[in-house]
Amino acid sequence: MANFSLGEAVLGTSVDLEGLKRGLDEGEGHSKGFVNRVGSLLSGGLKVAAIATVAGIGLAIGAVAGIGAFAIGEALEAQEAQTQLQAVLESTAGVAGITAEEANALASSLQSVTKFSDETILSAETMLLRFKNISEEAFPQATESSLDLATALGTDAAAAAKLLGKALEIPGEGLTRLKQAGVAFTEEQEKAITAMVEAGDVAGAQKLILDALAESVGGAAQAAGTTFAGQMAIMKNQISDAGEAVGGALLPILTTLFQTVIVPAIPMIQKLAEQLAAFIEQAGPQVEKWLTGTAIPTLQKFG
């Protein structure tokens, strides 16, 4: 019979089923006796009070755990958004002239009047910053136009920002892109934008496109924010910000715990998993034989 180590114990590949059954029967008897002795100590009123106390403690622990999980989730989402923003600012060498602080301030202000969360707005800003020819002056208007486009076209903010970014990158082609997406331009606006492009005035053409967008879909995001659904979304985003603040305070503690306790334990966990898998693989056929030959027929007989 082959033996192998599992933690501190040495497990054989054979299974003493009769011994296991006797152990379970004895354990059940001891458990019943313990419960009966405890029950005899508790009068009716005291028993109810004890159960209620335990239930209350359980609910409190559950509530705290739920709040903690929510807060950590919000903090992780915010951390991801900030990481992506910082990565784009570094990769583009800040050519747009927008700092992380300015991007966050703009996202916070737009969150208070639209249904979009600050992380969602940051994702749109991050997308726009990938297009290096959007000027610092045009950036706030481009960000708000992205939210208006997302609302009007029924798409997400990052996708709308990508569409707008491509339109502003090459204004002549961009005009066609926006028209194909369903944005309406007047004939006069199209002629003015085309003239700017032909004159080589890219910044001027971008400004005309943003102004034309403002006339076409401008204010759509803020209008949606005034509806009941929009107000509920704004309140939810405010609650999320509160959770983010709590989670942000917890993350350094959890990071330290992860690095000092969990990471060093990973090799041991992997070894334990390998040993457990080997044990199950070797003992599995015997357990299956017992189930099909004894346990299941017995259950079927009493069923």
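The values are calculated or read from the model by the stated rules, or taken from the named source; none is laboratory data. From a predicted model like this one, the values you see are computed outputs, not experimental measurements. FYI the Cβ positions are ideal-geometry reconstructions off the backbone, even for glycines, and counts take in every protein chain you see. In case anyone asks, the SASA skips ligands and DNA or RNA and just uses the protein heavy atoms, side chains included. Shrake-Rupley method; radii C 1.70, N 1.55, O 1.52, S 1.80 Å.
Rolling a 1.4 Å sphere over the protein heavy atoms, what is the accessible area per residue of the stretch 144-283, to the nearest Å²?
56 Å²
Karplus couplings for the stretch 186-197 from phi (6.51 cos²θ - 1.76 cosθ + 1.60, θ = phi - 60°), rounded to Hz, Gly and Pro as x?
Working through the residues one at a time gives 6, 5, 5, 5, 4, 5, 5, 5, 4, 5, 4, 4 Hz.
Using the Kirkwood radius over C-alpha pairs as Rh, can you work out the diffusion coefficient of the stretch 197-266 via Stokes-Einstein at 37 °C, viscosity 0.692 mPa s, in µm² per second?
194 µm²/s
List, in the order given, every pair from LYS115/LYS179; LYS115/LYS207; LYS132/LYS179; LYS207/LYS236; LYS271/LYS301 whose Cα-Cα distance in the structure shown is over 30 Å. List each step's numbers first, then the result.
Working: LYS115/LYS179 25 Å; LYS115/LYS207 26 Å; LYS132/LYS179 23 Å; LYS207/LYS236 34 Å; LYS271/LYS301 42 Å.
Over 30 Å apart, Cα to Cα: LYS207/LYS236; LYS271/LYS301.
I'd like the Karplus ³J(HN,Hα) series for the stretch 109-121: coefficients 6.51, -1.76, 1.60, θ = phi - 60°, whole numbers in Hz, and an x wherever there's a Gly or Pro.
Karplus-based 3J(HN,Hα) across the stretch 109-121 equals 5, 6, 5, 6, 10, 10, 7, 7, 6, 5, 5, 5, 5 Hz.
If packing is taken as the average count of other Cβ atoms within 10 Å, what order do 269-277, 206-214, 118-126, 244-252 fall into, highest mean first? Spell out each step's value before the answer.
Values: 269-277: 11.8, 206-214: 20.9, 118-126: 25.4, 244-252: 15.4.
Packing order, densest peptide first, comes out as 118-126, 206-214, 244-252, 269-277.
Given +1 on the Cβ of Lys and Arg, -1 on the Cβ of Asp and Glu, and no further charges, what dipole in debye does the stretch 216-296 carry about its Cα centre, rounded to the nearest 20? Show your work: numbers first, answer last.
Details: 3 positive and 5 negative charges, 14 e Å.
Computed about the Cα centre, the dipole is about 60 debye.
Can you give me the convex hull volume of the Cα atoms of the stretch 70-191, divided per residue and expressed in Å³?
Working: hull volume 13.0 nm³, N = 122.
Per-residue hull volume (Cα only) is 107 Å³.
Compare LYS179, LYS236, LYS289 by solvent-accessible area with a 1.4 Å probe and give them largest first, with all protein chains kept in place.
Values: LYS179 90, LYS236 125, LYS289 150 Å².
Ranked from most to least accessible, the order is LYS289, LYS236, LYS179.
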